[in-house]
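For reference, the structure is listed below as structure tokens.
The values are calculated or read from the model by the stated rules, or taken from the named source; none is laboratory data. These numbers were taken from a predicted model, which means no experiment stands behind them. Neighbour counts are summed over all protein chains in view; Cβ atoms, including those assigned to glycine, are modelled from backbone coordinates with ideal geometry.
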Amino acid sequence: MRPDERDLDEEIRGHLALSVRERVERGEDPEAARLAALREFGYVPAIRDSMRRVWYSRWLDAVVALAQDMRVGLRSLVRAKGLAATVIVTLALGIGANAAIFSVVRGVLLRPLVNRGEDRLVYIRQSAPGLGTENTTFSVPEIKDFRSRTTTISAFGEFSTIQFTMIGFGEPRVVRAGVVNGSYFEVMGLRPVLGRLLNAADDTPDAAGAAVLTHRFWTTSLNGDPTVIGRTIRLGPRGATVIGVLEPSVPYPADTEIIANMVTSPHHLGATMVTERTHRMTELFGRLTPDASLDSARAELTAVHAAMMSEHPEAYSAKANLQLNVTPLRDQIAAPARTILLVLLAAAAVVFVIACSNVANLILARSVRREGELAVRAALGASHSALRRTLLAESLVLCGAGAMLGVVLAGPLVAVVARFAARFSVRALEVTVDVSLLWVGVGLAMAAAVVLAYVPRLPFHRATNAWWGARLPSQGSVSDSSGLRWLGLASASVRLTPGTNRRLATTCGRCWCSTYRPRLSASAVRRRWSSIRRCRGVSANCRA
């Protein structure tokens with residue numbers, strides 16, 4: 001079992017008491033015996049630290065010291081409420097903006113699609129640059145030619161956007177629906193959360209009308225009612241049965257509420273739709289075969305498209321300059337928003353840098369007023385690392401509070417940025433606040449805390465020692481209160497010869513170490529020697 005601090009103190013007291021008793025039994029004066037025992041024992045705080053490290057690691061000591069400094073820093077910042085509030089709000093705005101924009105960037109550009117086998121899923125688009133049209137979609141005869149002439153695409157998925165007047169869920173309402181073929185969901189790699197999805201059996205002319213609800217429509221308009229499966233509704237002039245609910249997915253190519261089979265739309269069964277090559281209203285998706293690559297599929301589809309245009313010149317205007325594009329679905333969804341989102345992310349990073357610079361100016365202004373406090377700490381023996389740890393603890397308090405407020409602000413900011421990004425990519429519609437915001441906020445706060453901790457200038461050792469030397473008493477003795485009073489043995493003191501204290505301000509580093517050698521352990525002298533030599537120098541003409 002690990003001993004606590006009182007056990008360590010009791011062990012040291014017992015060891016010293018035993019040593020003093022042995023010396024007194026040999027005939028030494030009690031006061032002299034106590035002094036000799038202390039000198040033989042060594043520097044008490046150092047010995048105590050070495051005992052603690054047998055049971056407790058340096059990392060634990062550092063964490064405990066940092067926690068204590070954070071408590072002190074919090075009390076110090078309470079007395080400077082205006083500064084603390086300004087720093088926290090400034091950091092919160094910078095961290096919140098970065099966390100919100102990063103969340104949208106991650107959701108749109110980095111997060112994988114829920115579609116199974118998304119790396120095999122391609123989007124096929126026909127454009128007419130001559131007419132200024134980026135997407136002319138496809139007609140049914142064109143899709144039939146692709147299906148019969150390609151070998152690199154295992155299956156095609158067809159999607160047409162149409163509006164229905166829906167009756168069956170409360171008041172009649174106009175819904176935006178998608179009409180798909182039987183292999184659409186298989187091609188897209190999607191699954192249901194309730195019921196089933198459309199398949200090849202629902203793609204025949206004599207099939208019954210069937211509809212699948214999108215997850216967004218099911219949760220927002222129907223409150224996630226599980227009893228909707230099997231309910232009969234009317235979509236325009238035709239009836240349809242709700243057979244399933246689609247899992248949450250990207251609403252591409254359009255944000256629809258219901259996806260139905262072809263027989264629910266009389267227009268899709270008409271002669272114009274089936275026979276007219278120029279009647280284009282269908283989006284086309286494809287899934288690559290296992291042995292096909294994107295380049296080979298693009299080359300084959302481009303060759304088939306060129307053959308179609310040469311065989312049916314009346315359907316393809318030379319002025320339109322029709323072209324075929326084959327891209328991975330994920331790139332197709334994210335590409336329109338990539339540039340604007342990266343620009344927003346860079347702008348947010350600049351805002352964060354500006355916020356940190358403003359906060360650094362405030363911290364620097366406060367550090368000017370704290371030079372006396374830092375000088376006193378250094379004069380009392382605080383090292384540079386201890387002073388930096390104190391400043392780091394205050395920075396962690398400020399930046400931690402700013403990060404927590406920034407994460408709170410990031411929630412509404414995500415909604416604002418997502419609505420803006422949805423103009424360029426429908427995938428932004430599914431972006432929500434996630435756990436990544438917490439990690440982004442913590443990371444930015446830690447970076448800001450480290451930067452702010454190293455902004456203030458620490459007192460210079462030469463000035464600190466001059467401050468110390470000017471305040472040493474001219475007569476008397478110096479008691480080792482750091483060790484003796486802590487142990488309850490304040491009656492024992494280290495007597496220095498008269499005039500020693502006057503000489504400490506001008507003595508060289510080597511003589512200083514020699515004078516204080518009885519008070520310091522060898523390891524303590526080695527740790528402090530470099531700074532002592534740098535501050536006082538090693539003089540051959542020392543006045544000591």
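Observations on the structure shown:
- Residues in segment 177-231 that are among the polar types (S, T, N, Q) and farther than 28 Å from Thr289 by Cβ: Thr214, Thr219, Thr220, Ser221, Asn223, Thr227.
- Leu324 being more than 30 Å from Ser154 (Cβ to Cβ), in contact with a Leu (Cβ under 9 Å, 6 or more places away or on another chain) and surrounded by 14 or more Cβ atoms within 10 Å (Cβ to Cβ): no
- Applying the condition of being over 32 Å from the mean Cα position of the chain (by Cα) and in a loop (DSSP other than H, G, I, E, B) to segment 225-257 and asking which residue is surrounded by the most Cβ atoms within 10 Å (Cβ to Cβ) yields Thr256.
- Counting the residues of segment 389-415 that are of a type in the set (A, V, I, L, M, F, W, C) and within 17 Å of the chain's Cα centre (by Cα) gives 12.
- Yes/no for Gly117 being small (Gly, Ala, Ser) and either surrounded by 14 or more Cβ atoms within 10 Å (Cβ to Cβ) or more than 40 Å from the chain's Cα centre (by Cα) (or both): no
- Just one of (1) over 16 Å from Thr289 (Cβ atoms); (2) in contact with a strand residue (DSSP E or B) (Cβ under 7 Å, 6 or more places away or on another chain) fails for Glu142. It is (2).
- When restricted to residues that are polar (S, T, N, Q), surrounded by fewer than 20 Cβ atoms within 10 Å (Cβ to Cβ) and in a helix (DSSP H, G or I), segment 362-395 contains 2.
- Taken as a whole, the structure places Leu284 among residues that are over 30 Å from Ala410 (Cα atoms), surrounded by 14 or more Cβ atoms within 10 Å (Cβ to Cβ), more than 27 Å from the chain's Cα centre (by Cα) and in the same structural domain as Ile259 (by TED's automatic domain parsing).
- Scan of segment 122-170 for residues that are in a strand (DSSP E or B) and of a type in the set (Gly, Ala, Ser), ordered by number: Ser127, Ala128, Ser154, Ala155, Gly157, Ser160
- Selection count, segment 126-157, where residues are in contact (Cβ under 8 Å) with a residue 12 or more places away in the chain and more than 17 Å from Thr278 (Cβ to Cβ): 10
- Residue match in segment 419-436 (condition: part of a helix (DSSP H, G or I), surrounded by fewer than 17 Cβ atoms within 10 Å (Cβ to Cβ) and either at pLDDT below 75 or of a type in the set (Ser, Thr, Tyr) (or both)): yes
- One residue from Leu452, Leu398, Leu472, Leu458 being surrounded by 22 or more Cβ atoms within 10 Å (Cβ to Cβ) and modelled with pLDDT under 75: Leu452
- Segment 128-156, residues that are modelled with pLDDT of 90 or more, loosely packed, with under 15 Cβ neighbours inside 10 Å and β-branched (Val, Ile, Thr): Thr151
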